C-alpha cells in the first residue's frame with residue numbers, strides 16, 4: 001500500500017511547491033509580463049524517464065492541483081498536461097539515451113505545445129482572447145522564460161545523474177513506486193519486478209518460520225504444563241518426579257576403584273600410563289628387488 005501512495009504524495013508536494021513559487025516569487029520576476037511554467041518542466045523530466053502511461057498519470061495529477069488552486073475552468077490543465085505527458089513519454093520511449101540538448105529542446109517543444117493546446121481548449125470553450133494577442137503576448141514569452149529556467153536548471157539534473165551510490169531513478173504512479181538505481185544504471189522493469197517478488201517471497205518465508213517457532217514454543221509450554229499436572233495428580237511434587245542427581249564420588253571410593261599399577265588406564269579417573277614395552281628385533285631380512293634398474297649417478301663424480 002505504501003508503494004502506491006508515496007509517489008502520489010511526492011508529486012503532490014512538488015506541485016504545491018511549484019504553484020507557490022509561481023504565484024509568490026515569479027510574480028515579482030516577470031519577463032514580458034509572463035511567468036515560467038515550473039510544473040511543465042517537472043512533467044517533462046518525469047515523463048522522459050518513463051513511458052506514456054506514466055506521463056499521462058503525472059500530467060493528470062499536476063493539472064489537478066493547478067485547476068484546484070488557481071484555474072477559471074476546472075479540468076483545462078488536466079487535459080493539457082495529460083496530452084503533453086503522453087507525448088513526452090512517447091519521446092522518452094523512442095529515445096532512451098538523452099543528452100543535454102535533447103532535454104532542452106524537449107522542454108521548449110513541450111512549452112509551445114502546452115500553450116497552443118491551452119489556447120485551443122479556451123477557443124472551444126469560447127473564453128479565449130484574440131489569437132494574435134495570445135500567441136505573441138502569452139505563449140512566446142512564457143516559452144522563453146520556461147526555456148531559460150530549463151537551460152539554467154538542467155546542469156543540476158545532470159550532476160545528480162552522475163552522482164554515485166543509491167539514488168532515485170524514477171517515480172512511477174502505476175504500481176512500481178519509487179525505483180532506486182546505482183550510478184547510471186538503466187531501469188529494467190522486469191528486473192525490478194523480479195527483485196521485488198524475490199524480496200516478497202523471503203518476507204513470507206521468514207514470517208512462516210517465525211510463526212512455526214512460536215507454535216512450537218507454545219506446544220512445548222503446553223506439554224510441560226500437562227506433565228506437571230499429571231505429576232501433581234499422583235501425589236508427588238514436581239521435584240520428586242525429576243531423576244535424582246549424581247553425587248561426586250569420595251576419595252575413599254576413588255581409591256577403592258583404582259586399578260592395579262600394572263593396568264594402563266582406568267574408567268574411573270586414574271590417568272596413569274604404563275610404560276611401553278620395547279619391540280623385539282625382527283629376524284626378517286630386508287626385501288630385495290632384483291628386477292629394479294640401477295639408478296644413474298646424477299652428480300659429479302669425484303676423481
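With r defined as the distance between the Cβ atoms of residue 204 and residue 3 and R0 fixed at 25 Å, what FRET efficiency is calculated, to the nearest 0.05? The formula returns an efficiency of 0.95 here. Per-residue extension of 0.36 nm, minus the Cα-Cα distance of residue 27 and residue 74, leaves a gain of 14.7 nm for this segment. Label separation (residue 13 vs residue 128): 3.8 nm, computed from points 7 Å beyond Cα along the C-beta direction. If R0 equals 41 Å, the separation of the Cβ atoms of residue 161 and residue 120 corresponds to a calculated FRET efficiency of about 0.75.
Full extension of the chain segment joining residue 100 with residue 135 gains 9.9 nm, where the gain is 0.36 nm per residue of separation less the Cα-Cα distance. Principal axis extents of the C-alpha atoms in segment 2-164 (largest first, rounded to whole Å): 49, 32, 32.
Taken together, the values in this text are just the output of simple stated rules run on the coordinates, not laboratory data. Predicted model, so just to flag it, every value in this text is computed and none were measured. Cβ: placed from backbone, ideal geometry, glycine included. Neighbour counts: every protein chain shown.
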